[in-house]
Structures are given as structure tokens and as C-alpha cells.
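Here the structure is laid out as C-alpha cells; the discussion comes afterwards.
Derivation of every value follows stated rules applied to the coordinates shown; laboratory data play no part. Owing to the predicted nature of the structure, the values given are computational and were not obtained by experimental measurement. Don't worry about glycine lacking a Cβ; one is built from the backbone with ideal geometry, like all the others, and counts go over all protein chains shown.
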Ligand SMILES: Cc1ncc(C[n+]2csc(CCOP(=O)(O)OP(=O)(O)O)c2C)c(N)n1
Ligand SMILES: [Mg+2]
């Protein structure tokens, strides 16, 4: 079939089910832009900044399970796209990243022409594969292969770098050569399953952990079947948040450390951990001494699609390279007639600790204001908003303290109801992620709960939402600070937040929103929130609610200084005396 290389790329994307394409106009990729924008099978959007395009593609994949594409122009566009790609890389989100380049005869070696940057050198460490396309013959096959690589194993972004002369050149393209095979789903062996069943049946204090891999392999239902079969303690990572129903009798909190004290306790006491599709990241208070130590003899069974995830953050006693759903289906079958030795009293104790923790966070919200002020605390605001959200809501979370409180009170019904980037924690992802999710789910309500600092990082995308008529609702927790860093600023390192730089200006985000073609309102009391929520839902335009809040200490804050900053010699005064 006669096509140019760019047309072959668009056809290959389509054949692989890619339906969403986000980017900032890139003249050197004109053919790709034309192909994707004129084909009604694609949702094609241009953003105000390339970073946002990456986060939008991320959100599409997280909420639908189908990868999306993003692009930025040669040089500056490719560099602006980096944060969106890095965030996807850190969370194993599949993504097709496209950059054009100067003429092939000018880039290898570079002649230092306008906008010359070694794109592949930049993208290689943050993608599964970064490929310079340098001839028309191999291009179609590489396109096909790259998309397969993104989707297979632990997924992730792949990058194609397409010089403009190659993109515009004719190539021999055979659509029937595009691979039709689905991503492989390796199954555990019978002997591996036998060992797992034996260990699980004998464990006194087992805990089940769902990571993002459970969601990505479509195994949430199978994981819940395992919960019903065993009744034992269960939790999730942040990417798996939503896999354990809130009302499950053995639920000890979800989202790693953000699940609260009982998650720390369960890992500190369990004799067996069954972690599925979970790399045991920084957020998991498991085997992170000195703050989160493990008891002697604790065993880990790790099930993951990637050998490289095995034993990375904790020695695995059994490491099984398998797809989560294949594994869980077999495990449920094998456990049907097996009695477990699990100590139900211990599980009840941990669940009671979780209930007590919920009492603590509710207590903070009940106080409504921060001590000695009449400014709303972030817990009260997060709880009020979460209580209003419908069951089918998708929520993008961003910010520092805001992020902690939002995760504390918003409980996703399944992992696909939440978009966050725990791997990178990249401020600014929230707004574009909400826009990306809304593109993929136009009929569902989509919200963004964000700090004011984070919102400012990508606020220009309000115009993108307005331009495409995407009715998202944003709640900005506005404390006029890089709030999470206040203890640092006002604690040991400095006593002047303005000099240290954690104090931000008082921005009226409702007015900013109106400037970008959205609606905006400001609120300062809890009582106003339900009514403004109703107006936001009824609005024909994207809507921003600027809520005045005050920095609110969170019970898990010790995690940052005690674990993330361990060794940095930074101790806030509240901990200095301990
Ligand atoms: C892109 C980026 N820059 C810096 C940080 C470090 N950081 C983490 S939380 C935080 C403060 C966030 O402030 P805001 O979004 O207003 O939320 P708040 O803590 O005030 O609720 C900063 C600067 C980061 N995670 N990402
Ligand atoms: Mg803030």
C-alpha cells in the first residue's frame, strides 16, 4: 500500500487500538497531526504545554487500560514532554511518545542546527525503548514492535524519534503485517502454585497486597474473589487503591502509608505477605528500616510480570513471573477446598487499628478549622467534597498536604477511579490528568483535587478544557503555600517562609479560571461547598472552586522526615525531642 512513513505510523497506532493523541503543534510532524486529527476514530487534542499532553495520555491509559499517544516538536517540545513521560515511566503506564526531528542527515551526527537535542539520549532512561527511526524500510516494523513493547510485561512508555525527511518519505506498508497478538499473560506453573497454597494455608498472619499490576491485568474481580475466599487482612499500593472494597471485613487501609497506621502495623506483624503486581515502592511501609522494620522470619511471595521487580525492595522468598489475573484465577481455584490457619483474631486487631485511625482523621475533619484560626482545615474540606462525589466519579489528585488529605477521604470504587502519579509525585499532573480522563470518559463526572502550588504548575490547561468543552470540576485547596514544605521552612531550616520560598502569593483561582474561559467561584466555609458543587455540576463549562484552607498536619507526616528524608539530617521541631 502506498503511504508515507507518518501515515504508516498513524495506521499502526489505530490498528493497535490507540485512540487518543495529545500534543503541541509540531511542524516537523505535520503528517502525523493531519492523519490523527482528520480521522474520526481518534480523539485528537492540542494542549498549551507538552507536559500536559503526557499526563493526559497517562490518565487515558490509567482509566481505560488502553494506551494513548503524545507528541512534542523537535528540541523544546521534546524537552517539555519529558515530565509527562517520566511520570508514566515511574508508574509503568504504557504510552506512545512521538517526537519529530531535523533531517536524518543532520542529526546523526548532530550538526547543532536549530533545536538540536539528542532526543533518544534524553528519553532512553525514562522509556522502555527509545528508537531513532532512520530509514523508511524498517520504520513500519519498528512502529508495530514499539507499541507491543509498551504494552507487554510491566508496561511503560516507548519513544519514536522521526526525522522530518523520513516521516514525509514513501514507504512500503503492509497493514496485514501488523501484529494481532495480545500482550502475553504468563501463567504460574503448577509447582509454583502448590508452594503458594502451602505457604498461604500455613500462615498465621497473612496479608494480601494488590499493586497496580492487579488493576492493569484486569484482575480486580479475581483479587476480590480471593478476599472473599480467605477473609484475611488486605491492603493495596497507591496504584492498586480501590482493589480492596472499603467495607471488606479484613480491610486494613489502602494506598500504602496513606492508608494509615494499620498498614504500618500489618506489615510490622505479618508472617506472610502475598504481593501481586506491586514493586513495594517508597509508599509501602514494608521493609524500610529504621522507620518501618519487619519481624524476623517474615516471608514474601511476589507475583509480577517483570523479573526486574522481584526482590528489588524486599527479598522475595518466592518470586513468580506471572500475570496477576492468571495467578489469581489459579489461586482461587486451588484454595476452594483448603482450610487456612490464619489467626482471625489478629486480623480483627489490625482492622480495629484501622477503625481507630479512621477515628483520628475524622477527628481532624470534625475540628473544621486549624487550631486558633477560622480558616478551614484540609481534612474537613477533603471529607466534605468526597462525601458529595457520585459512585462513578473519577478523581485526579495533586499537591502536597492536599494530596494526603484527598487520598484519606476519597476512596476509589476501583483503581480506575483514581488518577495519581505515586511513582514520580509530579506536581502539576492533576489538572491535565483530569482532562485526559474526561476525554476518555465524556459521560462520567471527573474531578481534580489539587493544592494551589500544584495547580499553578499546569493551570494554563484550563484553556484546553474550555476549548474542547470538557466539563471537569477542580477543587483547589488554596493555602497560598507550598504547604507540605511549611514544617521544613518554619522548622529547623529557616524561620522565614518568604525567604525560604514556601510562601506563595494569594492567587484568586476563581478569577484565573474565568480568564481561561471556565467558570470559577471562591468559598471559605464548609456550608458553601454543597451548593457550589451543584452549580459546578450544572455548569456548561469547566469549573474551578477555589477553597481557602490552612496547612493541616496529617498523621502520616512522619513518613517524609523519617523515611523519605532519612539521612538528610532534617528533623522538624515536633520530632526533635523524641
Ligand atoms: C514538579 C514538582 N516540584 C516540586 C515537588 C516537591 N513538592 C512536593 S509537595 C510540594 C508542595 C505542594 O504544594 P501545594 O500543591 O500547594 O499543596 P499543599 O502541600 O499546599 O497542599 C512540593 C514543592 C514535586 N513533588 N513536584
Ligand atoms: Mg498549597
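Side notes on the structure shown:
- Dividing the summed helix terms, -39500 (n - 2.57) for each DSSP H run of n ≥ 4, by the number of residues in the chain produces a 222 nm estimate of -11000 deg cm²/dmol to the nearest 500.
- What the Cβ-Cβ distance of residue 27 and residue 118 gives, at R0 = 30 Å and to the nearest 0.05, is a FRET efficiency of 0.90.
- Cβ-derived FRET efficiency at R0 56 Å, residue 179 paired with residue 360, nearest 0.05: 0.60
- Global geometry of the range 368-575, whether rounded, prolate or oblate, following the gyration tensor of its Cα atoms and the 1.5 cut on a/c: prolate
- Counting beta carbons within 10 Å around each of 204, 128, 3 and listing the fewest first gives the order 204, 3, 128.
- By DSSP, the beta bridges lying fully in the chain are antiparallel in about 10 percent of cases.
- Taking 7 Å steps out from each Cα toward its Cβ at residue 194 and residue 496 produces label points 7.2 nm apart.
- For peptides 26-37, 362-373, 402-413, sequence by mean Cβ density within 10 Å, most packed first: 402-413, 26-37, 362-373
- Look at the alpha carbon pairs under 8 Å that are at least 6 residues apart: their mean separation over the length of the range 113-196 gives a relative contact order of 31 percent.
- Three-way shape label, the chain, alpha-carbon gyration tensor, a/c 1.5: oblate
- Model label zone, residue 165; criterion: amide N under 20 Å from point 7 Å along Cα-to-beta-carbon; scope the range 32-47: 32
- Ascending count of other beta-carbon atoms within 10 Å, so fewest first, for 105, 123, 248, 357: 105, 248, 357, 123
- Label-point separation in nm, residue 308 to residue 135, each point 7 Å along Cα→Cβ: 2.8 nm
- Under the shape rule built on the C-alpha gyration tensor, where the axes satisfy a ≥ b ≥ c, the range 190-352 is rounded, since a/c falls short of 1.5.
- Per-peptide packing, taken as the mean over residues of other Cβ atoms within 10 Å, places 210-220, 435-445 in the sequence 210-220, 435-445 from highest down.
- By other beta-carbon atoms within 10 Å, ranking 223, 477, 173, 447 with the fewest at the front produces 173, 223, 447, 477.
- Site pair residue 443 and residue 2 shows an inter-label distance of 4.3 nm when each label is modelled 7 Å from Cα along Cα→Cβ.
- DSSP beta bridges confined to the range 368-575 are antiparallel in about 10 percent of cases.
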